[in-house]
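What follows is a single structure, written as structure tokens, with notes after it.
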Amino acid sequence: MAGVDPGAKVPQVQVRRAYDPPRPDDGRRVLVDRLWPRGLSRARAHLQGWCKQIAPSTELRTWYGHEPDRFAEFAWRYRAELEEPERAAALIRLRELAANGPLTLLTASKRSDISEATVLADLLTQRGAH
């Protein structure tokens, strides 16, 4: 890949549920859902940011419904949405945060492994992916 530094450090990005208590290795904790997690106080969330601009569109979230068999298609469609200007700018901001230390992407989804946070973590940890 042209312009990729082979010695560049891969960012440390993890995905966790917003309801999980913070851990010492979390680094910056950023919520990536459009809606605030039901029943979670801001104090208990221990957030350093809420990046709701990067969340999938309402139409995509409604279609997906967190159905595991739709995750691959959801991830593909969501990556396409991330090329839209507002979401692309938000992704750049998350890349900057990830480049400066550990980053934990938070979601209220019951299964964080099939959430938009997982798609984002994959994008942020791909060497040279822009």
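The values are calculated or read from the model by the stated rules, or taken from the named source; none is laboratory data. Bear in mind the structure is a predicted one, so any value in this text is a computation, not a measurement. In this analysis, Cβ positions are derived from the backbone assuming ideal geometry, glycine residues included, and neighbour counts consider all displayed protein chains.
Brief remarks on what is shown
- Here region 10-56 is the region considered, the condition is being in a loop (DSSP other than H, G, I, E, B) and among the small types (Gly, Ala, Ser), and the residue that is nearest to ALA98 (Cα to Cα) is GLY27.
- As a summary of the residue check, LEU40 satisfies the conditions (1) at pLDDT 95 or above; (2) surrounded by 13 or more Cβ atoms within 10 Å (Cβ to Cβ); (3) aliphatic (A, V, I, L, M) except for the one numbered (1).
- Whichever residue in region 74-123 is among the polar types (S, T, N, Q) and in a strand (DSSP E or B) and, among such residues, is surrounded by the most Cβ atoms within 10 Å (Cβ to Cβ): THR104
- Test: residue in region 2-21 that is basic (Lys, Arg) and closer than 15 Å to LYS110 by Cα: yes
- Selection count where residues are farther than 17 Å from ARG111 by Cα, surrounded by fewer than 17 Cβ atoms within 10 Å (Cβ to Cβ) and of a type in the set (Val, Ile, Thr), scope region 43-73: 1
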